[in-house]
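Written out below as structure tokens is the structure these notes cover.
The values are calculated or read from the model by the stated rules, or taken from the named source; none is laboratory data. These figures come from a predicted structure and were not determined experimentally. We place every Cβ from the backbone using ideal geometry, glycine too, and count neighbours over all the protein chains shown. Heavy atoms of the whole protein, side chains included, go into the accessibility calculation; ligands, DNA and RNA do not. Shrake-Rupley method; radii C 1.70, N 1.55, O 1.52, S 1.80 Å.
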Amino acid sequence: MSEPIPSEKKRKRPKSAEKNAKKKKTNVAMKPAKRVTWTNKQRALVFSARGITFHARHLMNDLKVLMPHSKTDSKLERKEGLFAINEICEMKNCNMTMFFEMRKKLDLYMWLSIVPNGPSARFLVQNVHTMDELRLTGNHLKGSRPLVTFNKLFDDQPHLALLKEMLKQMFGTPNMHPKSKPFYDHVISFTYLDGRIWFRNFQITDQQDGSLVEVGPRFCLWPIKIFSGSFSGAVIYENPTYKSPNQYRTELKMEAAQRYKTKAKKEKSTDCDSALIPLL
């Protein structure tokens, strides 16, 4: 008689394979939330031309502290034109720029531009007060993201709406930027009043009642012109109420000269009248 053929024994799965299968099931059931990445990679180049004063340089350094997404470069030589700034931004991998220039060691001008296609705007900077000069009690962490606020007048006129978008892109820190902190603890306020844009920076001391304490710096921007390109192109907007500082100084001198002439004329007439009085 033939012997029965023994049935084959079932092979057991190794324990490591069973563990891996269990891990896969748990991973499929509980997927972790997606990690938020740095997608808005806007970078701003903040620098100046040669010849600015220490006061303007301190203001520029204060603005760099408020903008962790900013980069800097050496001062631009006076021989080079403004169009060379586009090439510098391209080398620095920046798509926005804030450029300061000074005339006669008295008048400070600021350029805001979206590189390389524009638009760009030119401002006269007035009423400058730096952080070291003010010595205010407010304080916030370096690199924290700001709440950029504007008043309602920015939505009334088209050129103000354009400036609002440019300022928002310039001062708004991108989400998850490597040099930024992932929370808000200060407010940057832009207020349009008397034909000028007023800049203020406040610390949020209490989030429940919204109490604020000013940090600084303070300055005022008077819009001059808006161009369609970056430092070039057609003029989109020109401020009709703008008066150059040279014209303002000449008018002050002419007023002083007119006051002197009227005073001298009055003194001369009193001398003539006194000579005509007969002696008693």
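Of the DSSP beta bridges with both residues in the stretch 89-213, give the percent that are antiparallel, rounding to the nearest 5. The antiparallel fraction comes to roughly 80 percent.
The largest accessible area among Leu160, Leu153 belongs to the first residue in Leu153, Leu160, and the rest follow in falling order (1.4 Å probe, all chains).
Taking the radius of gyration and the Kirkwood hydrodynamic radius from Cα positions alone, what is the Rg/Rh ratio for the stretch 198-247, to two decimal places? Here Rg/Rh amounts to 1.23. Run through the stretch 185-251 and list the trypsin sites (Lys or Arg not before Pro) located in a DSSP loop whose Cβ has at most 14 other Cβ atoms within 10 Å. Passing sites in the stretch 185-251 are Lys243. Backbone amide hydrogens, once placed in the peptide plane, bring Leu76 within less than 5 Å of Ser48, Ala49, Arg50, excluding anything fewer than 5 places away on its chain. Which part of the stretch 238-257 falls in the paramagnetic zone of Lys263, meaning amide N under 20 Å from the point 7 Å along Cα-to-beta-carbon? In the stretch 238-257, the label zone of Lys263 (backbone N under 20 Å from the point 7 Å along Cα→Cβ) covers 249-257.
Report note on the peptides 206-212, 79-85: ranked by the mean count of other C-beta atoms within 10 Å, highest first, their order is 79-85, 206-212. Among the trypsin sites (Lys or Arg not before Pro) in the stretch 102-175, those located in a DSSP loop and surrounded by at most 15 other Cβ atoms within 10 Å of their own Cβ are Lys104, Lys105, Arg135, Lys142.
Average the reciprocal distances over every distinct pair of alpha-carbons in the stretch 177-280, invert the result, and give the Kirkwood radius in Å. One decimal place: 20.2 Å for the Kirkwood radius. When a 1.4 Å probe is rolled over the protein heavy atoms, the share of accessible surface on the stretch 182-278 that falls to carbon and sulfur comes to 57 percent. Here the extension length gained between Thr149 and Glu165 equals 4.6 nm, from 0.36 nm per residue of separation less the Cα-Cα distance.
Rounded to the nearest whole Hz, the Karplus-based 3J(HN,Hα) values (6.51 cos²θ - 1.76 cosθ + 1.60, θ = phi - 60°) of the stretch 108-113 follow the sequence 9, 10, 10, 10, 10, 8, with x at glycine and proline. Taken over the stretch 105-211, the convex hull of the Cα atoms encloses 158 Å³ per residue.
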